[in-house]
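The structure appears below as structure tokens.
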Amino acid sequence: MSEYNFAYLDEQTKRMIRRAILKGLAVPGYQVPFASREMPMPYGWGTGGVQVSAATLTPEDTLKVIDQGADDTTNAVSIRKFFENTAGVETTEETAKATVIQTRHRIPEAKLRDDQIIVYQVPIPEPLRFLEPRETETRKMHSLEEYGLMHVKLYEDISQHGAISTAYAYPVKVSGRYVMDPSPIPKFDNPKLEMDAIQLFGAGREQRIYAVPPHTKVVSLDFEDYPFEATKAEHPCDLCGAEDSYLDEVIMDDAGNRMFVCSDTDYCRSRRAAGHVGRLAEEDAA
Amino acid sequence: MAAQIQFSGGFQNAPVDAAHAFRAAMTVMARPGEIRRLTGSEPPAPLSVAAGTLLLTLCDPETKVHLAGATDTYTVRKWLTFHTGAPFVPASEADFAVGTWDALGPLNAYRIGTPEYPDRSATLIVEGDRLHQRNAVLKGPGIKDVAHLSLPDIGAMQANAALYPLGCDFFFTSGDQIAALPRSTHIRAEG
């Protein structure tokens, strides 16, 4: 639509975001401040990711947007429509066909390629924020590489629960230097953070952009005697039978019945299309 | 004649040309050693097409630009002012600096960021001969095993990388070619 500048944002805003992305790529895991704009959606709905995507998209791109792995939830649908209207780009639900993927809280199950870019929506970019509320102090801690407090937090998890109970937004160390919040992805996704695609992170309300270039070393923090574990529900998917994908638990009725389904809807759909059948899929068809 | 050079040579379709240019610049910064084409503008001599396009993509009244050596001409100043509005400053204040390696040096003149804000550092656009994937051996973020790139001065780049997470970041431009070297890359001479 010609009423909007390409991808909604004005050119000066895009230049400011693009400069922040380049510095973020040069210092992986470091949070670059940027002048986040008001977007036509509320904070918490992915305004950071939307601004990063707007500065990254070209007219030839194919965009996929997921929310907790799903292409068909409100947040994903509205952001996809937003870019259809303002950038005129193609959109898709298929991971393999997308060139830019904006995501809220998941990494797709399919391995991403080196010609793809994944943009994460981030609520709280500072991994130390719940341990130290003052920005001046957390900045100093990053500059001094003083991450003892984070290890104390993980240690307290173990002393209270017998294991590291942090299940999402599990802190990582990037390229041996900066501790980074990978956004609230389940820790099941943490091993995928070392990938072939460019990873960009945008936090709109908190006004931070950061990045992880391809093939960058990303280590989930742990202890020698309590190593990091990428956990998921101990079930196969009830629709497609996948044993290797992250699952959502769905309550079916008030009698305690439940089912587990792939959180990545495109992965589940493509497996079912290929003939894989889970425990409850046949009942569905009947 | 001067007026024609000053006003011409910019992006034909700014939002789309800049989006394509940024994707090339982002790709090379994310993958040190990779060489891409960067076109879209026709800057006045001695700026290369790639350097001119990169300046139009990233510079505006908020970024201070240093023109080093032979790039600091009346025509280049007029052209950049018309298309970007960026103020011109000495090396020590620059967000972006452009010129040949010899004209840009020495590196210690440029901002390298602060420990709390390592992003507040200069980005140098180094104009030079045709880029090749040889000479220096690169390892680090963005590189699968090793990458190769012709660098003008390996010793100076190693000293810059040793400042990590502080330091300058580099784009290398030649004609319509562009490559990049972020401060995070480990560098050694080939052989």
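The values are calculated or read from the model by the stated rules, or taken from the named source; none is laboratory data. Fair warning: this is a prediction, and the values are worked out from it, not measured in the lab. Reconstructed Cβ throughout: ideal geometry from the backbone, glycine too, with neighbour counts over all protein chains shown. Calculation scope for accessible area: heavy atoms of the full protein, side chains included, ligands and nucleic acids excluded. Shrake-Rupley method; radii C 1.70, N 1.55, O 1.52, S 1.80 Å.
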Shielding by partners - mean other protein chain Cβ count within 10 Å, residues of A:11-22: 6
Enumerate the amide H contacts of A:I66 below 5 Å, restricted to partners 5 or more residues apart or on another chain; note that Pro and chain-start residues carry no placed amide H. A:Q102, A:T103, A:R104
With the contact rule set at Cα under 8 Å and sequence spacing of 6 or more, what percent relative contact order holds for chain A? 21 percent
Sites A:R258 and B:E116, calculated FRET efficiency, Cβ-Cβ separation with R0 35 Å, nearest 0.05: 0.15
Less than 18 Å apart at the alpha-carbon level, and either on another chain or at least 8 residues along: which aspartates and glutamates does that give for B:K144? A:D114, A:D115, A:E194, A:D196, B:E34, B:E190
Tensor-based shape of the stretch B:2-189 (alpha-carbon gyration tensor, a/c under 1.5 rounded, otherwise prolate or oblate): prolate
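Taking the Cβ of A:V179 as the centre, find all other residues whose Cβ is under 9 Å away and add up their charges (Lys, Arg: +1; Asp, Glu: -1).
0
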For the protein assembly as shown, report the accessible area per residue in Å² (1.4 Å probe, heavy atoms, rounded to an integer). 42 Å²
Please go through the stretch B:142-191 and write out the trypsin sites (Lys or Arg not before Pro) that DSSP classes as loop and that have at most 16 other C-beta atoms within 10 Å. B:K144
Rounded to one decimal in nm, the spacing of the 7 Å Cα→Cβ label points at B:R188 and A:H276 is 4.3 nm
For the stretch A:153-202 versus the stretch B:117-191, the gap between their alpha-carbon centres in whole angstrom: 29 Å
Please list, by residue number, every one of the chymotrypsin sites (Phe, Trp or Tyr not before Pro) in the stretch A:185-226 that is coil in DSSP and has at most 14 other beta-carbon atoms within 10 Å. A:F223
What lysines could a cross-link reach from A:K81, if we take a straight Cα to Cα line under 26 Å and drop same-chain neighbours fewer than 8 places away? A:K14, A:K64, A:K97, A:K111
Count neighbours as other Cβ atoms within 10 Å of each site's Cβ, and list the GluC sites (Glu not before Pro) in the stretch A:202-283 that are DSSP loop with at most 15 such neighbours. A:E224, A:E229, A:E234, A:E243
Determine, from the Cβ-Cβ distance of A:T74 and A:Y4 and an R0 of 25 Å, the FRET efficiency 1/(1 + (r/R0)^6), rounded to the nearest 0.05. 0.70
Could you state the number of Å between the C-alpha centres of the stretch A:97-131 and the stretch A:1-48? 15 Å
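To the nearest 20 debye, what is the magnitude of the charge dipole of the stretch B:2-189 about its Cα centre, counting +1 on the Cβ of each Lys and Arg and -1 on the Cβ of each Asp and Glu?
400 debye
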Treating only the Cβ of Lys, Arg, Asp and Glu as charged (+1, +1, -1, -1), what charge dipole size does the stretch A:231-286 show about its Cα centre? Round to the nearest 20 debye. 200 debye
Can you give me the relative contact order of chain B as a percent, contacts being Cα pairs under 8 Å and 6 or more apart? 24 percent
